[in-house]
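See structure below.
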Amino acid sequence: MSYLALARKYRPRVFADVMGQGHVVKALSHALAGDRLHPAILLTGTRGVGKTTLARIIAKCLNCETGVSADPCGVCSACQEVDQGRFVDLLEIDAASNTGVDDVRQMIDNAQYAPARGRYKVYLIDEVHMLSKSAFNALLKTLEEPPPHVKFILATTDPQKLLVTVLSRCLQFNLRRLPVSLIRDQLAKVLDHEGVQYELPALGEIARAADGSMRDGLSLLDQAIAFSGGAPLARGPVEDMLGTSGRERLFELLRALAQGDHAALLACLQKLEQQAPDYAALLNDLAAYLQRIAVLQLLPGARSEDDEEALVALKDQFAPEDVQLDYQIAVNGRRDLPWAPDPRLGFEMAVLRMLAFRPDAGGGGTPAAGGGERRAAGGAATAASVAAAPRVASAAVAPAAAPSAAALVDAPPSSAPPSAPAEPASAPVPAATPADADVAARWAVVAETLVLEGFARQLVRNSAWLGRDGDLLRLALDPRAKHLLNDERRAAIERALSMQLGEPLRVRIEIAGDAVQSPAQLALQRDAARLQEAEASIFTDPVVRAFREQFGATIKPGSIHPLDS
């Protein structure tokens with residue numbers, strides 16, 4: 001007798017053997033126990049999670065000679081024929097090779113006839129999303145009102161491609177990807193039954209490589225048994241078979257990064273080069289480990305039995321911000337790997353970026369906790385550029401020292417001739433901007449500290465200092481803001497200044513003939529200078545310049561802002 005693959009030999013025969021799909025098994029069991037199974041069932045999920053297996057179990061439950069139930073006997077002729085794949089009333093149709101409307105019409109015509117052996121004729125249409133649109137339309141009426149002796153079970157890995165009219169006629173069950181621990185435990189049971197010795201870490205490697213699929217895990221186990229040649233399954237040979245032989249070195253590499261140990265990092269890279277691993281897979285694993293470290297740092301209760309002790313120990317050696325940056329570098333390094341001269345060089349460059357860059361710990365101060373001797377290269381802005389994200393930068397514009405109001409209003413009067421009336425000017429007057437820029441800056445600070453609200457505050461912010469003559473303070477209003485001027489708002493400014501100086505004052509506001517250096521105008525100039533400096537810091541950054549020159553990258557207009565904006 002020919003060898004039977006483990007994936008077929010250990011295929012579940014009853015609902016109790018189906019693993020990781022309890023939500024589906026529970027619903028189907030209750031429906032079958034009451035003989036209330038929906039005539040059209042849709043099973044969705046990735047490959048190897050049990051879609052075909054569940055369909056065959058349903059066929060046994062419906063046609064078992066002991067009666068319809070959720071627990072078929074497994075020994076009657078109907079149950080055995082289903083298990084052996086030769087039950088005449090279970091028709092498994094591959095939609096990938098029967099996509100046309102003629103194939104569906106033939107199936108519909110045959111569905112009218114009574115089952116040959118069992119109670120129900122069960123149609124299992126695998127990869128149903130491969131049917132053409134006309135084939136789907138031909139199937140709609142039969143799906144909605146099938147003959148009483150017919151059950152349809154549709155299976156697909158891509159339910160998004162199904163028509164809404166098909167989905168609305170089916171009872172849909174979404175099968176989950178299986179966790180690593182579940183696949184590993186099942187592999188251990190299979191090996192115990194087969195009498196094959198093994199190391200549990202080796203099974204963990206196979207379970208991770210299965211990527212949520214039990215069938216893939218059993219197929220890889222078959223390969224590992226053949227690869228070992230009768231020897232116990234060990235982690236090293238299994239990693240060689242899977243091409244993940246460098247994964248164990250990743251923990252050493254992460255420890256070297258956390259401690260900033262250049263010599264240890266170099267030794268790790270040299271050992272990896274000797275093993276000739278799959279560098280793309282290593283970058284994926286590195287990103288996965290960093291993500292898990294971040295979870296353990298910020299959500300301590302999320303630790304599971306799948307977390308290796310070496311990984312758990314690393315969470316206290318990294319600063320959280322370093323983990324976030326290193327993860328981004330690993331992900332971007334995986335994306336850029338095809339552009340690297342060699343996969344090894346691309347991997348090493350990503351690791352060197354992790355060593356070279358770290359988030360700025362508050363302006364060049366003490367390195368972040370757990371960062372060891374890792375060098376700050378360019379601060380937060382440069383680190384962010386490594387992640388190829390929209391950049392921001394800070395502009396060092398020092399605010400003017402805040403003077404007292406008295407120091408300003410006691411300043412020498414301007415050369416502008418005094419004006420007697422305190423009422424608002426009825427006609428524009430020539431601009432009389434103070435020659436001393438320091439006076440304008442000091443007035444801006446005073447104007448911002450006045451206890452004013454609404455339009456009165458806007459009025460004083462758009463007015464420049466002209467001078468003082470006795471108890472009369474003279475201001476020049478920007479002509480673009482003349483709509484703000486009225487006697488009520490001028491009086492509010494007069495009261496605010498009198499209260500701040502502790503003496504009665506009068507305020508005259510004249511409309512200037514041209515733009516003036518008002519507090520609002522000075523603020524706009526400061527913002528423009530800060531933005532210009534931020535843009536200059538981005539465009540001159542060596543990493544950004546390299547992206548622009550080598551990859552034709554562009555900076556999105558309007559995406560650069562000062563850090564404190």
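We did not get these values from a lab; they are worked out from the coordinates using the rules stated. Here the structure is a predicted model, which is why all the values come from computation and not from measurement. All Cβ positions, even for glycine, are placed from backbone atoms using ideal geometry, and neighbour counts span all protein chains on display.
Just tell me the longest site-free run in the chain, where the sites are chymotrypsin sites (Phe, Trp or Tyr not before Pro) in a DSSP loop having at most 12 other beta-carbon atoms within 10 Å.
That would be 114-565.
Normalised radius of gyration for the chain, please: alpha carbon Rg relative to 2.2 N^0.38 Å, two decimal places.
1.55
HN-Hα J couplings of the range 495-502 from phi, Karplus 6.51/-1.76/1.60, θ = phi - 60°, integer Hz, Gly and Pro as x?
Whole-Hz 3J(HN,Hα) from phi for the range 495-502: 5, 5, 5, 4, 5, 6, 8, x.
Can you tally the net charge around ALA7? Count Lys and Arg as +1, Asp and Glu as -1, for every other residue whose Cβ sits under 11 Å from the Cβ of ALA7.
Here the charged neighbours net out to +2.
So what J values fall out for the range 113-130 if you push phi through Karplus, 6.51 cos²θ - 1.76 cosθ + 1.60 with θ = phi - 60°, rounded to Hz, Gly and Pro as x?
Taking θ as phi minus 60°, the curve returns 7, 5, x, 7, 10, x, 7, 10, 9, 10, 9, 9, 9, 8, 6, 5, 5, 7 Hz for the range 113-130.
Hey, what do the phi angles of the range 263-269 turn into as Karplus ³J(HN,Hα) couplings, whole Hz, using 6.51/-1.76/1.60 and θ = phi - 60°, x for Gly and Pro?
With coefficients 6.51, -1.76 and 1.60, one gets 5, 5, 5, 4, 5, 5, 5 Hz.
Give me LEU191, LEU140, LEU221, LEU4 sorted ascending by neighbouring Cβ count inside 10 Å, so fewest comes first.
LEU4, LEU140, LEU191, LEU221
Mind checking which lysines have their C-alpha under 28 Å from LYS133, skipping anything on the same chain fewer than 8 residues away?
Within the straight-line cut-off, LYS133 pairs with LYS51, LYS121, LYS141, LYS151, LYS161.
Is the range 1-132 rounded, prolate or oblate when judged by the Cα gyration tensor, a ≥ b ≥ c being the square roots of its eigenvalues, rounded requiring a/c under 1.5 and prolate requiring a/b larger than b/c?
It comes out rounded by the Cα gyration axes.
State whether the range 188-316 is rounded, prolate or oblate according to the following rule on the C-alpha gyration tensor (a ≥ b ≥ c being the square roots of its eigenvalues): a/c under 1.5 gives rounded; otherwise a/b larger than b/c gives prolate, and the remaining case gives oblate.
Because a/c hits 1.5 or more and a/b fails to exceed b/c, the range 188-316 counts as oblate.
Sum up the charges of everything whose Cβ sits under 14 Å from the Cβ of SER219, counting Lys and Arg as +1 and Asp and Glu as -1, but leave SER219 out.
+2
Over the Cα atoms of the range 180-242, what radius of gyration and what Dmax do you get, in Å?
10.0, 27
Among TYR113, LEU139, VAL150, whose Cα projects farthest towards the positive end of the dipole of the range 97-184, with charges put on the beta-carbon of Lys, Arg (+1) and Asp, Glu (-1)?
Looking along the dipole axis, the top candidate is VAL150.
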